[in-house]
Amino acid sequence: MQHLRKPRRFVLAMAAAAALAVGLGAAPAQAADNPYERGPNPTTSSLDASRGPYSVSTASVPSTVSGFGGGTIYYPTSTSDGTFGAVAISPGFTARWSSLSWLGPRIASHGFVVIGIETNTIYDQPGSRGDQLLAALDYLTQRSSVRTRIDATRLAVAGHSMGGGGSLEAARSRPSLQAAVPLAPWNTTKSWSTLRVPTLIVGGESDTVAPVSSHSIPFYNSIPASSEKAYLELNNASHFFPQSVNTFTARLGVAWLKRFVDNDTRYDQFICPGPSSTSISDYRNTCPLS
């Protein structure tokens, strides 16, 4: 085989590049492979802390906005890491965003733009709440003051009670979503066999409003395993567990969003095999994650 001699200028340039790489250090392979990775390596303690690594600012959304009833946006103050994924969250029947407001800064501080919505009326049913969650995401990415901070291809939904049922509706309606996190979800629809969005359902063992036996568990079982899914059941928890700070809801919820919105496999460890604690009465999943 004939070997061609490279020009001396080329050789010198390559040597200089190699020396520079040694001096600066090569970029981590994972960062190069995943441009959506945000924040330091996670630990259980960092996920259980009241705030993640990002400082958070807020912006108000007026009730006159089209498609939903306004709300509050929480977003990382820093712009040095580029754009972030976004999550829309709906409260439940007769409730307002204030009932879930601890979730806004908690999730945003891990590198997400979060919009906690007010619904058009406090009596809106899950189908309407699903439509409003999608309208809120459209507002975030197209018209909000923080739209330039958001990667519109990486979006998710969540909600409590009828808002949780609404997040299932939204995920089924818009399969391009990256994740859904229904909390104590309530819905008259029991089968979600056409849902393709990775979904984490969190239920309360002692829920009498949306009993897990007729809501969360049938919902989970009906979602195809090919869609990626997990079910976390909190020991002795009532229907209203999302309305106060809950460590396991936050830990698994953030890990799920990081894994599927940010494609960040550093968070697999919190999902597979999942948490083990006397505070958890059931945990199911489709591990290993693909």
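The values are calculated or read from the model by the stated rules, or taken from the named source; none is laboratory data. Keep in mind that this is a model prediction, so the values were computed, not measured. A quick note on method: Cβ atoms are made from the backbone with ideal geometry, for glycine too, and the neighbour counts reach across all protein chains shown.
For the reader, a short list of remarks on this structure follows.
- Where helices (runs of 4 or more DSSP H) fall wholly inside the range 1-85, the ranges with 1 or more residues that are out of contact with any Leu (no Cβ under 8 Å at 6 or more places or on another chain), modelled with pLDDT of 95 or more and surrounded by 11 or more Cβ atoms within 10 Å (Cβ to Cβ) are 44-48.
- For the range 237-290, a residue qualifies if it is among the small types (Gly, Ala, Ser) and in contact (Cβ under 8 Å) with a residue 60 or more places away in the chain, and the qualifying residues are 244, 250, 253, 255, 281, 290.
- Tabulated pairs, the range 79-95, first of a type in the set (D, E, K, R), second assigned to a loop (DSSP other than H, G, I, E, B), C-beta under 7 angstrom, 6+ apart or interchain: 81/38
- Candidates 116, 130, filtered to the one that is crowded, with 19+ Cβ neighbours inside 10 Å, in a helix (DSSP H, G or I) and touching a residue at least 40 places away in the same chain (Cβ under 8 Å): 130
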